[in-house]
Each structure stands twice: as structure tokens, then as C-alpha cells.
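What follows is a short report on a single structure.
Rule-based calculations on the coordinates, nothing more; no lab input. Being a predicted model, the structure only gives us computed values, none of them experimental. Heads up, the Cβs are rebuilt from the backbone with ideal geometry, glycines too, and the neighbour counts pull from every protein chain shown.
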Amino acid sequence: MSDSADRVRIVEVGPRDGLQNEKTIIPAATKIELINRLSATGLRSIEATSFVSPKWVPQLADAAEVFAAIDKNPRVSYPVLVPNLQGYQRAREVGAAEVAVFTAASEAFSRKNINASIDESIERFKPVLDQAKADGVRVRGYVSTVLGCPYQGDVPVTDVVRVARQMHDLGCYEISLGDTIGIGTPLKARAMLRAVASEVPMQALAVHFHDTRGQALANVLNCLEEGVRVVDSAVSGVGGCPYAKGATGNVASEDVVYMLEGMGMATGIDLPALIETGLWLSARLQRETSSKVARASQ
Ligand code: HMG
Ligand code: MG
């Protein structure tokens with residue numbers, strides 16, 4: 001394998017996916033310190049927060065304050081979630097240079113999460129993509145519920161392929177395929193990825209697994225074998241979507257990095273520093289880390 005085939009980019013989503021789902025409000029200072037600590041681990045992509053409606057996600061109502069205060073490491077990209085042009089403008093006011101738009105493969109989840117149909121969400125993204133292009137801002141795209149929906153049940157893979165392709169055609173440089181409620185199993189995950197990769201180049205795809213049923217790491221491995229080289233994960237295994245019934249944490253970044261190192265695949269991440277950051281966060285959240293690698297290090 002060539003060097004690039006052995007290199008995996010981790011997109012750390014803990015500060016956003018992780019903290020959006022906490023029951024108690026986490027102080028902005030803790031979020032800022034978390035991102036600054038993560039920035040020192042060698043991560044290249046850290047999703048910092050989201051500029052959604054604060055009525056919908058009160059936990060991240062401090063997005064502007066947090067984003068403005070973090071130390072911006074020039075080697076790190078700090079994407080933020082935006083659901084519409086209003087969110088994009090709020091993100092730009094504090095200098096965001098990369099954003100992520102998000103929709104779903106399931107109509108039922110789309111309505112619950114963003115109060116819009118899939119087609120309506122795509123319409124909302126068009127002005128965001130246009131403005132981002134004019135501003136030189138990179139746009140990532142998420143497709144949720146790619147392996148099942150808490151409201152609709154099964155999600156046809158043809159729907160996943162269609163929405164991923166639409167997002168790519170719109171100009172998203174990368175499409176992250178989200179198993180929002182951690183319901184997928186490895187062979188299904190791999191088949192879904194293969195189907196999407198028949199319409200969107202594999203280099204423009206990422207995988208995003210929640211670990212609700214303990215399948216996430218196996219799903220990641222199967223998708224790596226299929227050729228994906230971008231993996232979303234969250235330090236300490238935090239995560240979950242408040243509008244996805246039953247969703248729990250993302251696959252833990254520490255566990256993904258440990259597995260990749262064991263496979264001889266480079267991430268550029270300092271694993272002990274990542275473990276330390278995860279343990280620091282779990283102490284702040286007053287619960288045990290969900291990372292098995294971190295637990296084994298204690
Ligand atoms: P809506 O209520 O239909 O919106 O919500 P609206 O356009 O009618 O506006 C209603 C109010 O919200 C107005 O304020 C707007 O100004 C305000 P009011 O006049 O009532 O005072 N508003 C905003 N305020 C701040 N920032 C904004 C914004 N937009 C409108 N950007 C909306 C529609 C999309 C805004 C709402 O449904 C929303 O914010 N949803 C976000 C839900 C969310 O964040 N979910 C979690 C992230 S997705 C996820 O976790 C999955 C992922 O991890 C991948 C995976 O795991 O699958 C990415
Ligand atoms: Mg998620």
C-alpha cells in the first residue's frame with residue numbers, strides 16, 4: 001500500500017456531537033479547554049460546535065463564545081455545524097473557515113431533527129454553499145440514519161446513495177455517512193459504503209458510527225477495508241443526537257486510534273495525549289470514560 005493508503009484522518013466530533021447531548025449545561029470554559037487540549041494531540045480536524053437554533057439545542061447556545069475563544073492551531077481545521085444560512089452567518093461572524101451542513105436519508109428523522117423534509121433541507125443548503133464558495137469556506141456534508149432510523153425503521157440504501165450524491169453535487173467536499181443510532185452491523189455498513197462509493201468518490205467519503213450496540217469499531221474496520229480513509233469519532237466516546245431516540249455515544253477516538261496504530265495505519269495523533277484528554281473530560285462530566293483503551297490505561 002502507498003503512504004496515503006495507510007493514512008487515516010480522524011474527524012474529532014466530541015466537542016459538538018458529544019456535548020450537544022449532555023443533560024446539564026457544560027460551562028463554555030470547559031468546552032474551550034477541551035478543544036484546546038484536543039488541538040495539541042495532533043488531530044487535524046476538530047468539529048468545535050454548532051450554530052443551530054439555541055431553542056432546539058440549548059447545550060450549544062454558547063457556540064459563538066466558544067468558537068471565538070479557542071486557540072486556533074494553524075494545522076487544525078475547526079468545522080462547525082450549520083443548518084441554514086442564518087447559522088452560516090453566525091459562524092462567519094466569529095471567523096469559521098469550515099462548516100458542515102446536515103440532512104438525513106430518512107424523511108421521518110429529517111422532520112424530527114430539522115423540522116424540514118430532505119428536499120427542503122437541500123434547498124436550504126444551496127444559499128449556504130453559494131455563499132461559502134464566494135467566501136472560500138469549505139463545506140462538509142452529513143447524511144444521517146444511513147443504516148436505520150428510530151422513527152422509520154429500515155432506510156433503503158438507494159435513499160442513502162441519492163442524498164449523498166446530491167450533497168456531493170451541491171459542492172460538499174466530503175460526505176460523512178452517519179449511523180446516528182448505532183444500529184448497523186459490519187457487513188451492512190460495508191455494503192452501504194460500497195453502494196455510495198459507486199456514485200461518490202471514496203476519497204470524498206467519511207464514516208460516522210455511534211456505538212449504541214457495540215458495533216462501531218467493527219463497522220469502522222469493515223469500512224476501512226472497503227477503502228474509506230476518513231473516520232469521525234469522539235474522545236471518551238461521548239455523543240448522541242437529542243432528536244434521535246436511543247442514540248448514544250460515538251465510537252471513542254482513543255479506540256479508533258489504537259486500532260489503526262495496531263494495523264500500521266498512521267493518524268499523526270499522540271495516543272497518550274488523547275487518552276489524557278478523554279480522562280480529563282470524563283472527570284469534568286463526572287462519569288467513566290466509554291473508551292476501553294483509556295480504561296485499560298488507568
Ligand atoms: P425551525 O423552528 O423550523 O426554524 O427550526 P425557523 O427557521 O422557523 O426559525 C425558528 C426560530 O429559530 C427563529 O427564531 C429563528 O431566528 C431561529 P424566533 O423568530 O422564533 O426567535 N433560528 C436560528 N437561531 C440561531 N441559529 C440558527 C437558526 N435558525 C433558525 N441557525 C432549525 C429549524 C433547523 C433551525 C432547527 O430545527 C434546528 O436548529 N435543528 C438542529 C437540530 C440539531 O442540532 N440536531 C443535532 C445535530 S445533527 C446530528 O447530531 C447528527 C450527526 O452527528 C450525524 C449522525 O450522527 O448521523 C451530524
Ligand atoms: Mg452523530
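Counting pairs of alpha carbon atoms under 8 Å apart in space and at least six apart in sequence, what relative contact order in percent does segment 1-150 give? Don't skip to the answer; put the middle values down first.
Values: 225 pairs, mean separation 28.9, N = 150.
RCO, segment 1-150: 19 percent.
In percent, rounded to a whole number, the relative contact order of segment 67-218 is 20, using alpha-carbon pairs under 8 Å and six or more apart. Residue separation of ALA69 and ARG165 scaled by 0.36 nm, minus their Cα-Cα distance, works out to 31.0 nm of gained length.
In deg cm²/dmol, rounded to 500, what helix-only [θ] at 222 nm does the chain give when every DSSP H run of at least 4 residues adds -39500 (n - 2.57) and the total is split over its residues?
Details: 11 runs with 121 residues, N = 298.
The helix contribution divided over the chain gives -12500 deg cm²/dmol.
Beta bridges from DSSP with both residues in the chain: antiparallel share about 5 percent, rounded to the nearest 5.
With Cβ to Cβ distances under 9 Å as the rule, what net charge do the other residues near ALA206 carry (K, R +1; D, E -1)?
Result for the neighbourhood of ALA206: +1.
Of all stretches in the chain that contain no trypsin sites (Lys or Arg not before Pro) in a DSSP loop with at most 11 other Cβ atoms within 10 Å, the longest one is 76-286.
Projected label points at SER53 and ASP119, each 7 Å from Cα along the beta carbon direction, are separated by 2.2 nanometres.
Return a whole-number percent for the relative contact order of the chain, with Cα pairs under 8 Å and 6 or more residues apart as the contact set. Write down the numbers at each step before the final one.
On the way: 633 pairs, mean separation 58.0, N = 298.
In percent, rounded to a whole number, it is 19.
Placing pseudo-labels 7 Å out from each Cα toward the beta carbon at ASP130 and GLU261 gives an inter-label distance of 4.8 nm.
Please compute the net charge surrounding GLN166, taking Lys and Arg as +1 and Asp and Glu as -1 over other residues with Cβ under 12 Å from its Cβ. Please report the intermediate quantities before stating the final value.
Details: positive: LYS126, ARG162, ARG165; negative: ASP119, GLU123, ASP159, ASP169, GLU199.
Here the count lands on -2.
If R0 equals 45 Å, the separation of the Cβ atoms of THR185 and ALA29 corresponds to a calculated FRET efficiency of about 0.65.
You can think of it this way: the chain between GLU225 and ARG44 has 62.9 nm of extra reach, that is 0.36 nm per residue less the Cα-Cα gap.
What number comes out for the charge environment of ALA116, summing +1 per Lys or Arg and -1 per Asp or Glu over other residues with Cβ under 11 Å away? Don't skip to the answer; put the middle values down first.
On the way: positive: ARG111, LYS112, ARG124; negative: GLU107, ASP119, GLU120, GLU123.
Cβ neighbours under 11 Å give a net charge of -1.
Considering only MET167, MET192, MET263, the mean-square fluctuation computed in a Gaussian network model of the chain, springs between alpha carbons under 10 angstrom, is largest for MET263.
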